[in-house]
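Here the structure comes first, spelled out in C-alpha cells, and everything after it is commentary.
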Amino acid sequence: MQGVLAGFVTLEAIIALGFLLAHLGVPRADSQLLLSRLVFFVATPALLFQTLATAPVDKILTSGLALFRLLSQPLRNPITVGSFLACSARWPVGRCPPQSPPRSG
C-alpha cells in the first residue's frame, strides 16, 4: 500500500511541476508538443517495459490476459482464439499456465 501511495505522490508532484512551469511560460508551445510526444512514445513504453521486466511471470501470464486479448480484437487472430480456448478448457481461470503443486516434506 505504501508503494502505491508513493507512486501517486510522485505523479502528483510531477504534474504540479509541469503545471507550474507551463503557467510561468518556461516551455514554449512547440516544446510542449515535443514533450508530450516524448512522453507518449518513449517514456510510457519504457515504464511499461520496466514494470513487466520486474513483475513475476505468473502474475502477468493469466487467462485474464488472454481473455482481454480475445475481446480487444475478436476473431482477428485465430492463434489468440485457439490458445485462449485451449488454455481455458484445460486449466481453471487464473491458473494458465499451470503451476507446479507445492512439494511436501
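Quick notes on this one:
- Only residues that are surrounded by 10 or more Cβ atoms within 10 Å (Cβ to Cβ) and part of a helix (DSSP H, G or I) were counted across the range 15-31, and they come to 9.
- Test: residue in the range 6-25 that is out of contact with any Lys or Arg (no Cβ under 8 Å at 6 or more places or on another chain), of a type in the set (Asp, Glu), outside the structural domain of Leu65 (by TED's automatic domain parsing) and over 30 Å from Leu65 (Cα atoms): no
- Answer residue from the range 32-76, given it is hydrophobic (A, V, I, L, M, F, W, C), surrounded by 10 or more Cβ atoms within 10 Å (Cβ to Cβ) and touching a helix residue (DSSP H, G or I) at 6+ places or on another chain (Cβ under 7 Å) and is modelled with the highest pLDDT among those: Leu52
- The one condition in (1) exposed (fewer than 10 other Cβ atoms within 10 Å of the Cβ); (2) at pLDDT below 85 that Val81 fails to fulfil: (1)
The values are calculated or read from the model by the stated rules, or taken from the named source; none is laboratory data. Computed from a predicted model, the values in this text were never measured in an experiment. Every residue, glycine among them, receives a Cβ derived from its backbone with ideal geometry; neighbour counts consider all protein chains shown.
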